[in-house]
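Below is one structure; the comments refer to it alone.
Every number here is computed from the coordinates shown, using simple stated rules; none is lab data. Please read these numbers as outputs of a predicted model, since none were measured by experiment. Counting neighbours? That spans all protein chains shown, and the Cβs are built from the backbone with ideal geometry, glycine included.
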Amino acid sequence: MSPVRRCSRTACGRPAVATLTYVYADSTAVLGPLATYAEPHCYDLCAEHSERLTAPRGWEVVRLTDPSAPTRPSGDDLEALANAVREAARPHDRAAEARGGGSHAADPMEVTRRGHLRVLRSPDS
């Protein structure tokens, strides 16, 4: 017997990644992370079948997420990353920095800048 649990759907041999349980009293289908042990009244589903799951009319589907699973980047994450790249690539006003009006404090270790990169003095000198 294989230690890997397989999808409960007929003719599907893919490995299971989620467990489906029905709560008949509440007309709810609960889909969550793969259960530790195979239970007789639960269904193990592969990734494809768990994503395509629908419940009977009038029923609610509750999808529980696994907090240890890697999350996909959201639109906000990608936008924040794009803004950070734009800010790093923005040219700085050298004259304003020389007068002390720049956004960065004068660093005595900094020799020169090129874009967002800095050349620093050796701590020994």
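Below, the figures for the structure above:
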read-out: For residue 38, net neighbour charge (Lys/Arg +1, Asp/Glu -1) across residues whose Cβ lies under 9 Å away; value: -1
read-out: Estimated distance in nm for a label pair at residue 81 and residue 28, the labels positioned 7 Å out from Cα along Cα-to-Cβ; value: 3.5 nm
read-out: Amide H contacts under 5 Å for residue 110, placed H, 5+ residues apart; value: 121
read-out: Built amide H within the under 5 Å cut-off of residue 8, gap 5+; value: 44, 45, 46
read-out: FRET efficiency for residue 5 and residue 62, using Cβ-Cβ distance with R0 set to 22 Å, rounded to 0.05; value: 0.55
